[in-house]
Each structure stands twice: as C-alpha cells, then as structure tokens.
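Q: Take a look at this one; I'll ask things after.
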Amino acid sequence: MIRTAIAAALLLTASAASAQFSGPSSNPRAQATTVAQVANARPGSYVTLTGHIVDHQREDYYTFRDSTGEIRVEIEDEDFRGQKVTPETQVRLTGEIDTGFRGRYIDVDTVEILK
C-alpha cells in the first residue's frame with residue numbers, strides 16, 4: 001500500500017514537471033512546416049507552422065500567413081494562454097489538418113510567440 005502511494009506521488013510529480021515546459025516540440029508526427037505543404041498533406045496530419053495570424057474571421061477562426069501562403073486556423077481562447085498576439089507577432093502554431101465546408105484548416109493545439 002505504501003509502495004503504491006509513493007509510486008502514485010512520483011508519477012504525479014513527473015507529470016507536473018513536464019507540464020511546465022514551454023519550448024519548441026520535436027513531435028515526429030508534425031509533417032508539414034509551411035502553408036504550401038499543408039495543401040499536399042493528409043487530413044489528420046500534425047503540422048507546425050511559423051508565421052503570423054493576420055486577421056480574425058469569426059468565432060475561433062483566424063487567417064494565418066507564412067511566406068508560402070495563407071490558411072484558415074481554428075484557435076480556441078484557451079490555446080492563446082493569455083498571450084497578446086497582433087498581426088506583427090511572429091508565432092509558431094502546432095495542430096492538426098482538418099477539413100470542413102470551407103476547405104482545409106488547421107485545428108490549433110498550441111500557440112507559441114517567437115521572440
């Protein structure tokens with residue numbers, strides 16, 4: 001019983017420590033790295049894009065632009081994590097390619113401001 005409690009406490013401590021990391025990810029599932037590459041990637045693929053959120057379309061949808069083009073992205077309020085982002089702010093978005101009525105878009109999981 002005591003061993004189980006100690007193991008559980010160690011597991012919780014390890015989980016909390018990893019949740020504090022706020023750097024880049026080397027997610028091997030992130031395939032496309034530019035908007036142009038998203039056009040040829042499979043829906044459901046994970047992507048990491050670097051560029052700018054240039055406008056707010058509606059609700060949780062925004063326009064993202066990099067040097068290769070533009071794509072619609074879905075970013076929920078909590079994914080911004082209280083960070084202020086303007087069209088001049090360079091960001092790194094990580095998410096999944098999805099399709100909808102209006103075509104392909106990125107369902108964003110994380111928004112990282114680049115300095």
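Rule-based calculations on the coordinates, nothing more; no lab input. In this text, all values refer to a predicted model and were calculated from it rather than measured experimentally. As a convention, Cβ positions derive from the backbone with ideal geometry for all residues, glycine included, and neighbour counts pool all protein chains shown.
Q: Nearest 20 debye, what's the magnitude of the dipole of the range 24-113 about its Cα centre given +1 on Lys and Arg Cβ and -1 on Asp and Glu Cβ?
A: Using Cβ point charges on Lys, Arg, Asp and Glu, the range 24-113 gives about 360 debye.
Q: Work out the charge dipole of the range 68-111 with +1 on the Cβ of Lys and Arg and -1 on the Cβ of Asp and Glu about the Cα centre, then indicate which of 111, 90, 75 is farthest towards its positive end.
A: Towards the positive end, the residue furthest out is 90.
Q: Using the Cα atoms of the range 24-113, I'd like the radius of gyration and the largest Cα-Cα distance, Dmax, both in angstrom.
A: 11.8, 33
Q: How would 67, 45 line up from fewest to most surrounding beta-carbon atoms within 10 angstrom?
A: Working: 67 9, 45 16.
With the sparsest Cβ surroundings first, the list reads 67, 45.
Q: For residue 54, which sequence-distant residues (separation of 5 or more, or a different chain) have an amide H within less than 5 Å of its own amide H, given hydrogens modelled in the peptide plane?
A: Hits under the 5 Å cutoff: 63, 64, 65.
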